[in-house]
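The values are calculated or read from the model by the stated rules, or taken from the named source; none is laboratory data. This one's a predicted model, so the numbers in the text were calculated from it and none came from an experiment. Ideal geometry is used to build each Cβ from the backbone, glycine not excepted, and the neighbour counts take in all protein chains shown.
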Amino acid sequence: MSVAGLWRPPAVGRAKAALLTIGADGMMSVADRDSGAIFASGPFSHIKISDRVGSIPRHITFPDQSVFETSDNDTVDNMVRPYARRHSGIIHGLERFHPRLLIFVALVVAFCFALYRFAMPVLVEVAVAVTPPVVPQLLSKSVLVSLDQTLFEPTKLSVERQKALSDQFAKITALTPRGMAALAPAPDARAYTLNFRGGGSIGPNAFALPDGTVVLTDELVDLAKDDEMVLGVLAHEIGHVDHQHSLRQLYRAAGVTALIMLIGGDIGSGTEDILIQGSALVSLSYSRSAEAEADRYSVELMHKAGHDPTAIARFFELMRDKLGDTSKGDFLSTHPATPERIGETRRYAEEIAKRKN
Ligand SMILES: [Zn+2]
């Protein structure tokens, strides 16, 4: 086995094309590539081989201080491996390098985890607080446009039905801080809007975009036994908007992408990823604590408006019984109707009823 490279004499002198070889006896020598004349040689244990770091060329220093240089790192490793083991005490970092690399990787991972665990929530809150209202507005508009192009169909609900639901929706949103500000009207405030759509493949569903655009599918209206259930679901979605869950979700995802970019050193495609993730995330699953928060919000708002505070719990039970396990992206797929969830919502509704009476 031999490896090609350049040999530099110990003192000043021109580098020469050379071949490095190692004999069965462990003698390493470097020879002129053309004539085969030996430039330098020495026993393996007296030769210094630089650590492997990425694709940086390796330096092999002979006892006479002349240096052989090559970027064919794999061949060098293969060549010296059998001897390296025999002289592990003298080997210059070839094996020690790997544990060091592992420790480095472990430290980077620990650092990123700490950043994610402790710094990210603070950064997310700061980002949400300083986001001007135009950002959620633009984001919501583009998400709704793309959903209309790809997923939704026009609503088949009658105009009267739409009006009846919209009127009830307006009454409950008027009781929220955001709804009140929009009635005032305060600068920047934007009221909630209720939008009817045929759900297509997402079936019975409802979701809210961060600017207060709420979308309700015909299938959900058809499935609900009474309008209280529809309102309970809408109140839940209003809760997501009021607590700014989707903006938080978006910034968290952007933060994760930034971390991945930091590790991977890839800046170029990152922005695009954030946008793609952003539009996917805006309407889809929230964390379990965000869901619980929106459930409680529904109970409170429904109670405040003089509606049935258990409506959201009843709707979960209905969907669970009618649709069973979720498959296709309906409301249950992002809002699992677990017994704990239903029980907790009912318990909270009772508590609210007692507290306020
Ligand atoms: Zn939800």
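Take residue 171 and tell me if it is in a helix (DSSP H, G or I) and either without any contact (Cβ under 8 Å) to a residue 12 or more places away in the chain or within 16 Å of the ligand (Cβ to nearest atom) (or both). I'd like the intermediate steps shown before the answer.
Numbers: in a helix (DSSP H, G or I): yes; either without any contact (Cβ under 8 Å) to a residue 12 or more places away in the chain or within 16 Å of the ligand (Cβ to nearest atom) (or both): no.
Here the answer is no, as residue 171 does not meet what is asked.
The condition (being under 30 Å from the mean Cα position of the chain (by Cα) and surrounded by 15 or more Cβ atoms within 10 Å (Cβ to Cβ)) is satisfied by just one residue among 341, 314: 341.
Considering only residues of the stretch 284-311 that are under 30 Å from the mean Cα position of the chain (by Cα) and closer than 23 Å to residue 227 by Cβ, which is modelled with the lowest pLDDT?
If we filter the stretch 284-311 for residues that are under 30 Å from the mean Cα position of the chain (by Cα), which is where we start, we get 284-298.
Still in the running and closer than 23 Å to residue 227 by Cβ: 291, 294-298.
Working: 291: 90, 294: 94, 295: 94, 296: 95, 297: 95, 298: 95.
Here the answer is 291.
Being modelled with pLDDT of 80 or more and in a loop (DSSP other than H, G, I, E, B) narrows it down to one residue among 64, 77; which is it?
On the way: 77 fails: in a loop (DSSP other than H, G, I, E, B).
Checking each option against the conditions leaves just 64.
The set of residues in the stretch 40-60 being of a type outside the set (Gly, Ala, Ser) and surrounded by 19 or more Cβ atoms within 10 Å (Cβ to Cβ) consists of 44, 47, 49, 58, 60.
Would you check which residues across the stretch 199-240 are within 12 Å of the ligand (Cβ to nearest atom), within 26 Å of the chain's Cα centre (by Cα) and farther than 19 Å from residue 136 by Cβ and list them? Before you say what the answer is, go through the steps one by one.
From the stretch 199-240, those within 12 Å of the ligand (Cβ to nearest atom) are 205-208, 214, 232-240; that's our starting set.
In the following step, the residues that additionally are within 26 Å of the chain's Cα centre (by Cα) were identified as 205-208, 214, 236-240.
Once the filter is applied, which keeps residues that are within 12 Å of the ligand (Cβ to nearest atom), within 26 Å of the chain's Cα centre (by Cα) and farther than 19 Å from residue 136 by Cβ, the stretch 199-240 yields only 205.
Of the set (1) of a type in the set (A, V, I, L, M); (2) surrounded by 15 or more Cβ atoms within 10 Å (Cβ to Cβ); (3) at pLDDT 85 or above, all apply to residue 110 but (2).
From 175, 183, which residue is among the hydrophobic types (A, V, I, L, M, F, W, C) and at pLDDT 85 or above?
Every option except 175 fails the conditions.
Among the residues of the stretch 124-170, those identified as within 25 Å of residue 224 (Cβ to Cβ), surrounded by 13 or more Cβ atoms within 10 Å (Cβ to Cβ) and out of contact with any strand residue (DSSP E or B) (no Cβ under 9 Å at 6 or more places or on another chain) are 164, 168. Within the stretch 201-217, residues that are within 14 Å of residue 148 (Cα to Cα) reach partners that are among the hydrophobic types (A, V, I, L, M, F, W, C) and more than 15 Å from the ligand (Cβ to nearest atom) with beta carbons closer than 7 Å, at six or more positions or on different chains, in the pairs 201/151; 202/151; 209/143; 209/144; 213/144; 214/194; 216/194; 216/196.
Residues of the stretch 29-60 being under 51 Å from the mean Cα position of the chain (by Cα) and among the hydrophobic types (A, V, I, L, M, F, W, C), which ones? Correct list: 44, 47, 49, 53, 56, 60. Residues of the stretch 322-338 being assigned to a helix (DSSP H, G or I) and either within 14 Å of the ligand (Cβ to nearest atom) or crowded, with 16+ Cβ neighbours inside 10 Å (or both), which ones? Scanning the stretch 322-338 gives 323, 331, 332, 333, 334. If the condition is being among the basic types (Lys, Arg) and within 12 Å of the ligand (Cβ to nearest atom), then the stretch 283-321 contributes 288, 296.
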